[in-house]
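Here the structure comes first, spelled out in structure tokens, and everything after it is commentary.
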Amino acid sequence: METGEQVGVEAVPYCCSDFDSGETPARGLAIRTRKTRSLSTSSATACDYRRNQSLHGPSPVTTFGPKACMLQNPHAVMHIQDPASQRLTWNKPPKSVLVVKKIQDASLLQPFKELCVFLTEKNMIVYVESKVLADTAIAGDESFGAVIQKFCTFREDLDDISNRVDFIICLGGDGTLLYASSLFQESVPPVMAFHLGSLGFLTPFKFDTYQSQVTQIIEGNTAIILRSRLRVRVVKKGIIMTNGDSEGSRKSMQYQVLNEVVVDRGPSSYLSNVDLFLDGHLITTVQGDGVIVSTPTGSTAYAVAAGASMIHPNVPAIMITPICPHSLSFRPIVVPAGVELKIMLSRDARNTAWVSFDGRKRQEICHGDSITITTSCFPVPSICFRDPVNDWFESLSQCLHWNVRKKQNYLCSEEEEF
């Protein structure tokens, strides 16, 4: 091929598909486009370096639950909509709501009852987890009995409510929102989180004016922020004994993670020793207490306590933060959202490792096991109190007291002369 010859190259953006190429891909989100550019290398060389996924990560779905979707901006000139213009709308009026309440918190009983009464009066179908109603303070309240009879109940990990709930209301703290995210392993309905917990970084709404705020959500056209999640696949290598001979078997589990994946040394006194791969290439070996792989939303959680930077949730990225590394030069890094990370025990590791997902589902990782992490195409559409930028900086200021310092005194004119 002569230099300067024009060649049509078909760009194939990343599609949200399963990790194994043999599995059926999920919803088709890719838009195939063609562009022309000048190439000075051969077509064979170009094909060798052609990626099968985008470094910017998968395009998130813009439908949330059975009725909610993103309000499209007709004036947008970008394929990726400006986060500042992301607003919630409804294809049909919402009819069902999931109320997620922090368990064993007496201070939430009255807000929970008030909210449920209000929702039933608006003829909403209210979904509540069965263990919430097991609280004697709720089940034994005769005045609340008529409302309980109207509830639809479900059990975690047993009942699928993904196509039944139009939006979610969380009563509690950040952990309540994380728990609500874990209930939906694919499309997540819009989430409205009330600050009734301890920290409340992810819960921008105050309960004092809940009636007007919930009414506004039901009417639609409110600002939302798409909080990216991590799609994590854990493959565990097991041993099956057959007629005295050992045969290898592999067990696979998949999780959607909103904050972070934490790999640590567990109860062992030895250093954690795990290999970290990026797109199939070994980039480093983590020797220390462990490593945190987090979303931008999770950057203000465990990661920031381990020395990472805080990243706005609209930034498409994955953060890698070591936990107490035995190296003075191992600093936290940020990688593009579209990469695929894999974590495995090093061959010469003295002990096993342990992994947890948003602080839950903790399990042991042994030699031969692997943890594969990439950005999910199923984000959490979190409803904003004002807008994504103001809400985030308000949380930095109020919850983490970011850059709080007594101001320096003004220098008067007499002191300036000296």
Complete set of residues in the range 197-217 that are of a type outside the set (Gly, Ala, Ser) and outside any helix (DSSP H, G or I): Leu199, Phe201, Leu202, Thr203, Pro204, Phe205, Lys206
All positions within the range 170-196 that are farther than 24 Å from Met70 by Cβ, open to solvent by 30 Å² or more (accessible area, probe 1.4 Å) and not in a helix (DSSP H, G or I): His195, Leu196
Residue in the range 84-104 that is farthest from Val214 (Cα to Cα), counting only those that are open to solvent by 30 Å² or more (accessible area, probe 1.4 Å) and assigned to a loop (DSSP other than H, G, I, E, B): Gln104
Any hit, the range 336-346, residues being under 25 Å from Trp392 (Cα atoms) and of a type in the set (A, V, I, L, M): yes
Positions within the range 325-367 being basic (Lys, Arg) and at negative phi, in sequence order: Arg331, Lys342, Arg347, Arg350, Arg360, Arg362
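Please verify whether Thr153 is among the hydroxyl-bearing types (Ser, Thr, Tyr) and more than 17 Å from Leu109 (Cα to Cα), treating the condition exactly as stated.
Taking the combined requirement at face value, the residue satisfies it.
Please work out if Ser370 is surrounded by fewer than 20 Cβ atoms within 10 Å (Cβ to Cβ), modelled with pLDDT of 95 or more and on the phi < 0 side of the Ramachandran plot.
Criteria met by Ser370.
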Residue selected from the range 266-316 under the condition closer than 28 Å to Asp387 by Cα and touching a His at 6+ places or on another chain (Cβ under 8 Å), by the criterion least open to solvent (accessible area, probe 1.4 Å): Pro296
The range 378-404, residues that are surrounded by 16 or more Cβ atoms within 10 Å (Cβ to Cβ), farther than 18 Å from Asn259 by Cβ and not β-branched (Val, Ile, Thr): Cys384, Phe385, Asp387
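The values are calculated or read from the model by the stated rules, or taken from the named source; none is laboratory data. Keep in mind the model is a prediction, meaning the values are calculated, not measured. Positions of Cβ are generated from backbone atoms using ideal geometry, with glycine treated the same way; all protein chains shown enter the neighbour counts. Heads up: the accessible areas ignore ligands, DNA and RNA and are worked out on the full protein's heavy atoms, side chains in. Shrake-Rupley method; radii C 1.70, N 1.55, O 1.52, S 1.80 Å.
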